């Protein structure tokens, strides 16, 4: 599958490493080399590449107060000379200074974005409509997580890159599933490469039913964009075993994995996404040797959760 004809803003450092870590294979998207890294960089290369090709000079996007996506978008807009309106939704029930002012919230402002804090999704939508009315065709709207038919292409690229690094077909690839753009891209890319591997998405944002609906929609949209068949259902599975008390609320198992991997490998997981996904990995050593974990980044949010990690 050739993506070279797509408009693309070159931001990251590719390929990201595939490392033998903790008895499994870890694809280090946290080391994507731009704006504190993470899986959002690949999506933004295609999303902002398309915006620049359309001649747009302003961007609006959305996320929680500690959104990795919003922080990465702010960095990318700074690099490309675009103005970002970052709409931050109070989606997690916390008002302490660590959460509201450090980590990704601080970095978003440091990268020069105009940050608007709103109470809920309805208020975010209303503000976005105001900005669209004010700026018209000059404004590019990027959905939460960068998860749309164009953003998914970034992780089709990840799948193809991973395939070139692997010397075997893994039993499964495990990734946190939130807005599902990363997971959808992996499923489509591996199907295109005819790799006989299941992608397991660990739900960290919505219920299994809501996550499945989002994933199916993105698989259909991105497959249509690429002109390829929608991958069969046996290529993916969702796992809600680590959702716990909900989005942005750390789980005991996830916190334990943060401490264990930090103190034994010097690798940082984040409490919202990667720690929960890591806690869902198989314990059996034979299965782990045939498992790839996609580390999607999120390290800056550790500063917002330091009270939970003390």
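The values are calculated or read from the model by the stated rules, or taken from the named source; none is laboratory data. Quantities reported herein were computed from a predicted structural model and do not represent experimental measurements. Neighbour counts are summed over all protein chains in view; Cβ atoms, including those assigned to glycine, are modelled from backbone coordinates with ideal geometry.
Which of the residues belonging to the stretch 263-277 are touching a helix residue (DSSP H, G or I) at 6+ places or on another chain (Cβ under 9 Å) and over 23 Å from residue 91 (Cα atoms)? Before you say what the answer is, go through the steps one by one.
Residues of the stretch 263-277 that are touching a helix residue (DSSP H, G or I) at 6+ places or on another chain (Cβ under 9 Å), as a first pass: 267-277.
Selection gives 267, 268.
Of the helices (runs of 4 or more DSSP H) that lie entirely inside the stretch 53-131, those containing 1 or more residues that are in contact with a strand residue (DSSP E or B) (Cβ under 7 Å, 6 or more places away or on another chain) span 68-80, 103-110. Where helices (runs of 4 or more DSSP H) fall wholly inside the stretch 186-303, no range has 2 or more residues that are on the phi > 0 side of the Ramachandran plot.
Mind listing whichever residues of the stretch 1-17 are touching a residue at least 40 places away in the same chain (Cβ under 8 Å) and either surrounded by 18 or more Cβ atoms within 10 Å (Cβ to Cβ) or within 23 Å of residue 143 (Cα to Cα) (or both)?
Hits for the stretch 1-17 are 3, 6, 7, 8, 9, 11, 16.
Is it fair to say residue 142 is free of Cβ contacts under 8 Å to residues at least 60 places away in the same chain, in contact with a helix residue (DSSP H, G or I) (Cβ under 7 Å, 6 or more places away or on another chain), crowded, with 19+ Cβ neighbours inside 10 Å and under 14 Å from residue 63 (Cβ atoms)? The answer is no for residue 142. Step by step: first the residues of the stretch 27-52, then only those that are in contact with a strand residue (DSSP E or B) (Cβ under 7 Å, 6 or more places away or on another chain) and within 14 Å of residue 161 (Cβ to Cβ), then the one that is surrounded by the fewest Cβ atoms within 10 Å (Cβ to Cβ). Which residue is that? Per the criteria, the residue is 28.
I'd like to check something: does the stretch 146-169 contain any residue that is crowded, with 22+ Cβ neighbours inside 10 Å, assigned to a strand (DSSP E or B) and modelled with pLDDT of 95 or more? Looking through the stretch 146-169, none of the residues is crowded, with 22+ Cβ neighbours inside 10 Å, assigned to a strand (DSSP E or B) and modelled with pLDDT of 95 or more.
Working only within the stretch 278-299, note down all residues that are under 23 Å from residue 43 (Cα atoms) and either in contact with a strand residue (DSSP E or B) (Cβ under 6 Å, 6 or more places away or on another chain) or surrounded by 24 or more Cβ atoms within 10 Å (Cβ to Cβ) (or both).
Quick first cut of the stretch 278-299, residues under 23 Å from residue 43 (Cα atoms) only: 278, 292-299.
The answer is 278, 292, 293, 294, 295, 296, 297, 298.
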